[in-house]
Amino acid sequence: MKVTILTLFPEMFEPLKHSILKRAQDNNLIQIEIVNIRDFSLDKNKRCDDYSYGGGAGMIMSPQPLYDSISSVKTSDSYVIYLSPKGNILNQHKVKDLSCLKKDLILVCGHYEGIDERIIELCVDEEISIGDYILTGGELPAMVLVDCISRYIPNVLGNEQTTSEESFNENLLEYPQYTRPRTFKGIDVPNVLLNGNHKEINDWRKEQSIKITKLKRPDLYISWKKDNESK
Ligand code: 4FD
């Protein structure tokens, strides 16, 4: 998979150079290219923002540098995503779809009060939001998107990928997990996890997942129940 990120703040993308995403790039499983929108500005001072027609507080990103930077990286395989609070809310199903169906993503990071609407009309295939809150820019959402999409690229995760997202776990929250020591600050690891009976352990974990989901995320619980009725 190839991901091209268009931004006015390329130095913000340092986190993608570490840990699992570093290894994924070193192994050519994912290619991440950061492009500075400012390099495309035809303005004599390289400005990329301007006042809002109609007035109002805040600056808007100008269409020219955005249009030219997108055009410079776009191919017939590109899927252009604009990270914005108005977008379709990201969830694990969407992540899976993007990772499996698209091989060339272009992520446009807005700043200030957003971008000129004509760029959305002309260039953007989909607007995505990572949740109902406002950030200072689309850079963190772009990194969130790259990170969660990468987990579905074969061989990016060392070993554990399959288990947590497999059928029965879909739409369920994770069960509680423990590691050594057996007792910590007076709290014991549940006995069922120590007896080596894998059927009992799996049953306990499933029961915990269902219980926690029902309690904390009734919306997910309903989706899980629906999915499991039709099977
Ligand atoms: N919830 C998100 C995305 C971007 C962002 C921006 C208009 C502000 C939150 C367009 C206004 C972009 C999100 C930049 N904040 N801030 O995914």
- Show which aspartates and glutamates lie in cross-link reach of K206 when reach means a straight Cα distance below 14 angstrom and same-chain residues fewer than eight apart are skipped. E165, E166, E170, E174
- Computed on Cα atoms only, the convex hull of the chain has an orientation-averaged projected area in nm² of 17.5
- Query: If one takes the longest principal axis of the Cα atoms in the chain, at what angle in degrees, from 0 to 90 and to the nearest 10, does the Cα axis of helix 218-229 lie?
  - Reply: 70
- Message: What is the distance in Å between the Cα centroid of the stretch 39-62 and that of the stretch 1-18?
- Response: 22
- Of the peptides 124-134, 44-54, how do they stack up when ordered by the mean number of other Cβ atoms within 10 Å, highest first? 124-134, 44-54
- The helix 198-216 Cα axis meets the longest alpha-carbon principal axis of the chain at an angle in degrees, between 0 and 90 and rounded to 10, of 50
- Item | Charge dipole (the stretch 37-167, unit charges on Cβ, about Cα centre) - positive-most of M59, S84, I149 | M59
- Query: List the lysines whose alpha-carbon lies under 18 Å from that of K94, not counting same-chain residues fewer than 8 positions away?
  - Reply: K2, K86, K102, K103
- Query: Could the peptides 180-193, 85-98 be put in order, highest first, of the mean number of other beta-carbon atoms found within 10 Å of their residues?
  - Reply: 85-98, 180-193
- Query: By how many degrees, between 0 and 90 and to the nearest 10, does the Cα long axis of helix 139-150 differ from the longest principal axis of the chain?
  - Reply: 50
- For V80, list long-range residues whose amide hydrogen, built 1.01 Å from N in the peptide plane, is under 5 Å from its own amide hydrogen. I106, D125, E126
- Item | Sequence-separation-based contact order of the chain, relative, with Cα cut under 8 Å and 6+ spacing, percent | 20
- Message: What number does the stretch 1-110 give for Rg over Rh if you use C-alpha atoms and the Kirkwood radius?
- Response: 1.00
- Segments 9-16, 99-106 sorted - mean Cβ within 10 Å per residue, highest first: 99-106, 9-16
- Percent antiparallel among DSSP beta bridges (both partners in the stretch 1-99, rounded to 5): 35
- Task: Determine the percent antiparallel among the DSSP beta bridges restricted to the chain, to the nearest 5.
- Result: 20
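Every read-out reported here was derived from the displayed coordinates using simple, explicitly stated rules and does not represent laboratory data. Predicted model only: the values in this text are computed from it and were never measured. We place every Cβ from the backbone using ideal geometry, glycine too, and count neighbours over all the protein chains shown.
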